[in-house]
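> Here you go, one structure.
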Amino acid sequence: MASEHAATSLPRSHLSDDRLIDYASGAADEALALLVASHLDYCPDCRKRLAEIEAVGGALLDSLAPAPLECITLDSVLARIEAEETPGESAGRCRDARSGGRDWLPGPLKPYVEEFPAGAAATVEDWPWTSLARGTDMIDLPVSGRCFSALLLRVRAGAVGPRHGHRGNELVLVMCGSFADETGTYQRGDIAQNGPGSEHRPVAGTESDCICLVIMDGPMRLAGPFGRLLSALWQR
Amino acid sequence: MRLDPGLSVGQWLVVPPAMPFNGAMQRETPGTAPNEAVLNEWIGAIAERRDRAALAALFDHYGPRIKAYLMHRGSDEATAEEVVQEVMVTLWRRAETFDPTRASATTWVFTVARNKRVDLIRREKRPALDPDDPTLQDQPERSADLSLELRQDAERLRNALQTLPEEQRSLLHRAFFEDKAHSAIAAETGLPLGTVKSRIRLAMARLRTQLQDA
Ligand SMILES: [Zn+2]
């Protein structure tokens with residue numbers, strides 16, 4: 001909220017353009033943004049200069065060399081819009097899951113799901129998902145055995161999963177929705193296999209969230225921010 | 001996780017983006033980029049009649065540029081495209097809040113992309129002024145004139161940017177699009193920190209003069 005004193009006594013010392021650029025470009029950290037936003041609240045002069053700087057940002061954005069889009073399309077944008085505009089059940093989520101039933105969930109997996117803290121009656125949204133990346137969540141499944149680990153992976157409808165490679169073997173069973181990567185398109189019941197050295201980036205279909213059962217073997221070696229996150233999860 | 005730390009477990013390796021972005025700016029030949037009036041029309045068409053062709057046009061023009069912006073600022077490709085998708089959804093849903101008397105279309109798209117980037121990438125609080133706060137309206141009169149003026153300003157600004165000395169333009173570009181402290185820019189360009197800051201300010205001052213002279 002603007003303070004009343006903004007109108008009565010105007011600031012006499014101001015923020016420099018390079019500070020305002022940090023704020024306008026999103027580079028400012030929380031403390032700087034807090035200070036700048038607070039000064040702006042008092043200062044019409046700096047508000048005007050910020051508007052000019054944002055206009056420069058717009059003109060610069062326009063002059064950037066375009067980076068061609070490789071995963072998303074107008075259709076995936078429209079699918080996202082429709083999913084968000086459709087109230088209730090489908091809403092881009094796994095429809096079966098949302099309507100209360102879990103018909104898509106294979107019987108052998110049900111005992112594992114019933115072990116989740118939220119219990120057997122929970123919807124998929126209530127499952128204990130851990131975010132891996134924007135639009136990508138996982139749940140580790142407690143399994144014994146020294147070869148494979150198991151997890152549930154969910155990629156939101158139309159979302160682009162992280163590009164990743166494999167040190168070992170990965171087997172992916174699609175249970176709900178679909179995904180596509182460099183090796184093909186996989187739908188409910190399909191198994192995608194990725195061997196050591198392969199590399200891919202899954203993109204979920206737009207019809208619903210894609211939920212998969214994933215098992216993996218091989219030594220755990222992770223790289224990059226996504227890998228560090230996953231490593232951190234493993235250390236819990 | 002309930003896994004024995006000594007156990008062999010599966011893994012994913014994140015692959016870094018194939019090529020670093022070099023920050024090159026593209027100089028478009030006049031006529032290829034939609035002008036401000038056209039951009040205003042596209043946004044207006046979405047606001048008034050949910051025009052999908054207008055969204056397609058915005059997507060074609062801005063999608064790859066917003067992706068480039070995100071990647072300049074250090075996002076991986078998948079995250080960049082995810083943000084592009086979010087920005088497009090926001091442009092669609094908030095088209096009617098676009099006020100051509102307050103900001104030009106390019107400025108509006110830039111601020112939406114900037115805010116989405118901050119929301120999605122950093123997931124931290126970023127204190128910001130509420131631009132819709134009625135007590136902050138510096139320009140009480142809203143008129144078609146003002147909107148036209150802003151549009152012309154935006155066009156002039158694009159041209160003015162092209163006439164800046166190369167060094168100033170590139171410093172401005174870095175300040176806006178690379179997630180680097182000014183001190184890092186100073187180290188890379190070999191310019192003292194004070195010089196980097198003063199040249200950025202010089203560039204801004206020059207742009208302002210050009211707008212006022214017009
Ligand atoms: Zn001020």
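Read the figures in this text as sums done on the coordinates, not as results from a lab. Worth saying up front: this structure is predicted, and the values here are computed from it rather than measured. Positions of Cβ are backbone-derived with ideal geometry, glycine not excepted, and every protein chain shown enters the neighbour counts.
> When you look at the Cβ of every residue in B:155-164, what mean number of other chain Cβ atoms sits within 10 Å?
Mean partner-chain Cβ count within 10 Å for B:155-164: 3.
> Sequence-distant or interchain residues sharing an amide H contact under 5 Å with A:CYS176, placed H: which?
A:ILE211
> Can you give the mean number of other chain Cβ atoms that lie within 10 Å of the Cβ atoms in peptide B:86-93?
4
> Shifting gears a bit: What aspartates and glutamates sit close enough to A:LYS110 to cross-link, taking a C-alpha to C-alpha distance under 20 Å and skipping anything fewer than 8 places away on the same chain?
Once the sequence-local aspartates and glutamates are set aside, what remains near A:LYS110 is A:ASP96, A:GLU125, A:ASP126, A:ASP137, A:ASP140, A:ASP190, A:ASP209.
> Please grab the % of Cα pairs in region B:145-213 that end up more than 17 Å from each other.
Result: 46 percent of Cα pairs exceed 17 Å.
> Related question: How would you rank A:126-139, A:181-194, highest first, on the average number of other Cβ atoms within 10 Å across their residues?
Packing proxy ranking, top to bottom: A:126-139, A:181-194.
> Additional query: Please average, across the residues of B:62-72, the number of beta carbons from any other chain that are within 10 Å of each residue's own beta carbon, and give a whole number.
What the average comes to for B:62-72 is 5.
> Taking the simple approach of a point 7 Å from Cα along Cα-to-Cβ for both B:ALA37 and B:ASN159, what is their distance in nm?
1.4 nm
> Let me ask another. Of the listed peptides B:109-117, A:71-79, what is their order by residue-averaged count of other C-beta atoms within 10 Å, with the highest listed first?
Per-residue Cβ counts within 10 Å, averaged per peptide and sorted highest first, yield B:109-117, A:71-79.
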